[in-house]
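Only one structure is covered here, and it is reproduced in the block below.
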Amino acid sequence: SDAAAVLGVSPFATARDLYYDKLKVVSYEDGESNWVAKEVGHLLEDLVAEIFHVKTGFEIYQVKKMFYHPTYTYMLADVDYFIRLPNGKTAILEIKTTNYNAKDHWWCDGREIVPVNYEIQGRHYMCVMNVDEVYYCCLYGNSEDEVIIRHIERDLDYEAELIALEGNFWNNHVQAQIPPPYTEDGDLIIESARRHFGPADENASVSELSVSLSSSLVRYTELQAEKSELNREIKRVENEMKRLQGRIVAEMGRSCTATANSGGASYTITYKPVLKPSIDKEGLIRLRAQHPDIYEDYVT
């Protein structure tokens, strides 16, 4: 999974996170927020592998060792399972688990795909192990029919680029102890910075931006102005929609369903009331005044 971070497409970590992790500066493994998902994946690994065996009839086996590339020894592989194919060749089996809502990541425009971070992981393994095929089996439900099985074959051109990019990361950044640049999505970069620097300090000295970032501020302010103009148009459209909605709601009264015909088309309007408990600002003030111990325990 490190390979996806090196290529800047990991949904979990930046290349800078991986750099800090390899140098033992700070780990990017988050032991709190997603520990349940990781534990579920670990506990279900053998079950998902058995489902794959039942579905395909392929013989599977494990080799519990860490492998490394004979030439590029920094390229490691910890393979979930191996497959003994009917033609006598060996393939790799990667076990994945996900939730029902995330299963759509295995399709794109109705076409079966492998999520890009998993594809990179598989291609990295094919390179290290010198095998030509990787299968994936992803469980997203609680029955043997709620699994996704995918298959990819080796691509030597892709592999050559992968070797070059991983070599650049290892030799020119980790070994040279030069942090790689941030190129990922903004939210991932911000989370990475929080992990590395810790909480902000109002007493910290003023920092001076690099020349490249200083020039980027011009583009940032241009985008700010563009966003403001778009927001004004969005606000105008929303206000008109809200006015029309208000007239419809007023005519519906207490009804949760209405019908209408216009221009040869029939419309049905439905509204599902949602009732949920909450505490408003005044309630919080009373809670703090009358039950300060409870307030301190639960309010953040």
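The values are calculated or read from the model by the stated rules, or taken from the named source; none is laboratory data. Remember, it's a predicted structure, so these values are computed and weren't measured experimentally. Using ideal geometry, Cβ is built from the backbone for each residue, glycine included, and neighbour counts are taken over all protein chains shown. Note: areas computed on protein heavy atoms with side chains; ligands, DNA, RNA excluded. Shrake-Rupley method; radii C 1.70, N 1.55, O 1.52, S 1.80 Å.
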- Considering only segment 118-132, state which residues are surrounded by 19 or more Cβ atoms within 10 Å (Cβ to Cβ) and polar (S, T, N, Q). GLN121
- Filter result for the condition that a residue is modelled with pLDDT under 90 and open to solvent by 90 Å² or more (accessible area, probe 1.4 Å), over VAL211, VAL206: VAL211
- Query: Considering only residues of segment 62-109 that are under 22 Å from the mean Cα position of the chain (by Cα) and in a loop (DSSP other than H, G, I, E, B), which is surrounded by the fewest Cβ atoms within 10 Å (Cβ to Cβ)?
  - Reply: ASP109
- Message: Which pairs turn up if I take residues in segment 225-254 that are within 23 Å of TYR271 (Cα to Cα) and of a type in the set (Val, Ile, Thr) and look for partners that are open to solvent by 90 Å² or more (accessible area, probe 1.4 Å) and at pLDDT below 95 with beta carbon separation below 9 Å, at least 6 apart in sequence or on another chain?
- Response: VAL249/TYR271
- Specify the residue that is nearest to ASN168 (Cα to Cα); the eligible residues are those in segment 8-22 that are in a loop (DSSP other than H, G, I, E, B) and open to solvent by 40 Å² or more (accessible area, probe 1.4 Å). VAL9
- Note on the structure: Exactly one of ARG194, ARG243 is over 33 Å from the mean Cα position of the chain (by Cα) and part of a helix (DSSP H, G or I), and that residue is ARG243
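Looking at VAL54, is it surrounded by fewer than 15 Cβ atoms within 10 Å (Cβ to Cβ), of a type in the set (Val, Ile, Thr) and at negative phi?
Spelling it out, VAL54 is indeed surrounded by fewer than 15 Cβ atoms within 10 Å (Cβ to Cβ), of a type in the set (Val, Ile, Thr) and at negative phi.
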- Residue tally, condition in contact with a Leu (Cβ under 8 Å, 6 or more places away or on another chain) and hydrophobic (A, V, I, L, M, F, W, C), over segment 275-300: 3
- Message: Just to verify a result, which residue in segment 246-280, among those that are under 39 Å from the mean Cα position of the chain (by Cα) and among the hydroxyl-bearing types (Ser, Thr, Tyr), is farthest from VAL299 (Cα to Cα)?
- Response: TYR267
